[in-house]
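What follows is a set of notes on a single structure, which appears directly below.
The values are calculated or read from the model by the stated rules, or taken from the named source; none is laboratory data. Keep in mind the model is a prediction, meaning the values are calculated, not measured. In this analysis, Cβ positions are derived from the backbone assuming ideal geometry, glycine residues included, and neighbour counts consider all displayed protein chains.
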Amino acid sequence: MAINSRHPSIEHLRDKARRRMPGFAFDYLEGGCNSNINLQRNTSEIRDIRLQPYYIRDYAGSDLRTELFGHTYDAPFGIAPIGLQGLMWPRSTEILAKAATDHNIPFILSTVGTASIEEVSEITGGKAWFQLYHPAEDELRDKILGRASAAGCPVLVILADTPTFGYRPKEIRNGLSIPPRMTPRNIIQMMLHPTWSFSQLAAGVPKFKTMTPYIPKGLSMKHLGLFMNKTFSGRLNEDRIKAIRDRWKGKLVVKGIVNEEDCEKVHRLGADGIIASNHGGRQLDAGQSTIRPIPSLAESYGDKLTVMIDSGLRGGPDIACSLASGARFTFLGRSFMYGVGALGRSGGDHTISMIKRQLQQVMEQLACERVTDFPNHLIGERTD
């Protein structure tokens, strides 16, 4: 697909998305926790990494294709799980799932996404991964796992980095919920963004569709929030991972692993991979960036399980630096939501095409022929 020349960067997409989305929706997309320190650290420390180009060298061209869990993807990045997607832009889950499938990159559906496991499986031909927020009750866990298995999801991602919900001032101020609260402030924002509002009317009220069968009917917004908090109040531990590993026959990935102690535990329990993640800087402001532990995790465990990363990556150069640091694969979230918020139905295709082109250009500049060659171009340590 040709790139829309009016929006040739993530920054252009972000600016247009901000103009088209109500403030409460854009705040949810942009926000981290507390003072947004770790949100900023995630990206800035990736961009401290330097790569070495080689100009006087035989070079046969670059290939973005990447093998992961027995499937060859067309690029070494995928679409990270994003909750409340349909609140930020109507039908964005479906738009991004289709774009990912068309471009042959992985799409991960969140438990709290606004399309169901079955809907996304149909869009992706059974290729979508599923991210599980671990329920407090085992019975509900087993029901959701059964649906993911029946839908053909090849990879299950279980979330480790949300033992409690982050303290997010913007969401508290906005009274964020699904459906959005009809406060005077929010109503005015919707009226000032008619494209979003009319698109939302056409799509219908956003809902947690995977969870719909388990939510009691007639709950007020307040009681819906209480129900969701109670339902997903379970902290992940070794027994819970083992129980899932025993039941899940596909590939198993644990998301939120950022130290070797946790990595050793999930490896011992049979995980096939990890995603170094801090929930996009939305959980622990005092935590480290996700790029910082990648070199040691890759060195110690890269031959035992697949080490991947999300949080803080925005475009092709960030992907290149992450792969050079030792990650085998990368995931991005906000960039794709900026694309859909800016361009609607064409936003997924445009953003994936743009990031592919960015990454291709980096590889050509470096004389890096294969994605697995990126570590050969890493210059020393990160600058502090």
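Tabulated data for the structure shown
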{"item": "Residues within segment 141-152 that are over 12 Å from Thr111 (Cα atoms) and not in a loop (DSSP other than H, G, I, E, B), tallied", "result": "5"}
{"item": "Members of segment 1-48 that are part of a helix (DSSP H, G or I), among the hydroxyl-bearing types (Ser, Thr, Tyr) and modelled with pLDDT of 95 or more", "result": "Thr43, Ser44"}
{"item": "Filter result for the condition that a residue is more than 17 Å from the chain's Cα centre (by Cα), among the charged types (D, E, K, R) and buried (at least 20 other Cβ atoms within 10 Å of the Cβ), over Arg141, Arg147, Arg91", "result": "Arg141"}
{"item": "Residue check for Leu269: touching a Lys or Arg at 6+ places or on another chain (Cβ under 6 Å), surrounded by 15 or more Cβ atoms within 10 Å (Cβ to Cβ) and touching a residue at least 12 places away in the same chain (Cβ under 8 Å)", "result": "yes"}
{"item": "Single residue of segment 1-27 satisfying the filter (surrounded by fewer than 22 Cβ atoms within 10 Å (Cβ to Cβ) and within 23 Å of Tyr167 (Cα to Cα)) that is nearest to the chain's Cα centre (by Cα)", "result": "Asp27"}
{"item": "Residue match in segment 300-310 (condition: acidic (Asp, Glu) and closer than 16 Å to Phe331 by Cα)", "result": "yes"}
{"item": "Residue check, Pro180 crowded, with 19+ Cβ neighbours inside 10 Å, in contact with a Pro (Cβ under 7 Å, 6 or more places away or on another chain) and at pLDDT below 90", "result": "no"}
{"item": "Tally, over segment 118-133, of residues that are under 16 Å from the mean Cα position of the chain (by Cα) and among the β-branched types (Val, Ile, Thr)", "result": "1"}
{"item": "From the options Ala97, Ala75, residue that is surrounded by 24 or more Cβ atoms within 10 Å (Cβ to Cβ) and either under 16 Å from the mean Cα position of the chain (by Cα) or modelled with pLDDT of 95 or more (or both)", "result": "Ala97"}
{"item": "Sole residue being under 27 Å from Arg292 (Cβ atoms), of a type outside the set (Asp, Glu) and out of contact with any Cys (no Cβ under 7 Å at 6 or more places or on another chain), chosen from Phe374, Phe336", "result": "Phe336"}
{"item": "Number of the condition not met by Cys368 [criteria: (1) surrounded by fewer than 24 Cβ atoms within 10 Å (Cβ to Cβ); (2) over 28 Å from Gln131 (Cα atoms)]", "result": "(1)"}
{"item": "Evaluation of Arg50 against (1) loosely packed, with under 15 Cβ neighbours inside 10 Å; (2) touching a residue at least 60 places away in the same chain (Cβ under 8 Å); (3) within 20 Å of the chain's Cα centre (by Cα) (one fails), failing number", "result": "(3)"}
{"item": "Among (1) in contact (Cβ under 8 Å) with a residue 40 or more places away in the chain; (2) under 26 Å from Gly273 (Cα atoms); (3) in contact with a helix residue (DSSP H, G or I) (Cβ under 6 Å, 6 or more places away or on another chain), the one test that His7 misses", "result": "(2)"}
{"item": "Trp129 within 21 Å of Phe208 (Cα to Cα), aromatic (Phe, Trp, Tyr) and either surrounded by fewer than 24 Cβ atoms within 10 Å (Cβ to Cβ) or out of contact with any Pro (no Cβ under 9 Å at 6 or more places or on another chain) (or both)", "result": "no"}
{"item": "Identity of the residue in segment 282-291, over 23 Å from Phe69 (Cα atoms) and of a type in the set (A, V, I, L, M), that ends up nearest to the chain's Cα centre (by Cα)", "result": "Leu284"}
{"item": "Complete set of residues in segment 336-363 that are farther than 14 Å from Ile95 by Cα and in contact with a Gly (Cβ under 8 Å, 6 or more places away or on another chain)", "result": "Met354, Ile355, Lys356, Arg357, Gln358, Leu359, Gln360, Gln361, Val362"}
{"item": "Among residues of segment 115-138, those that are at negative phi and modelled with pLDDT of 95 or more, counted", "result": "16"}
{"item": "Candidate set: segment 308-333, residues that are in a helix (DSSP H, G or I) and buried (at least 24 other Cβ atoms within 10 Å of the Cβ); chosen: the one farthest from the chain's Cα centre (by Cα)", "result": "Ala324"}
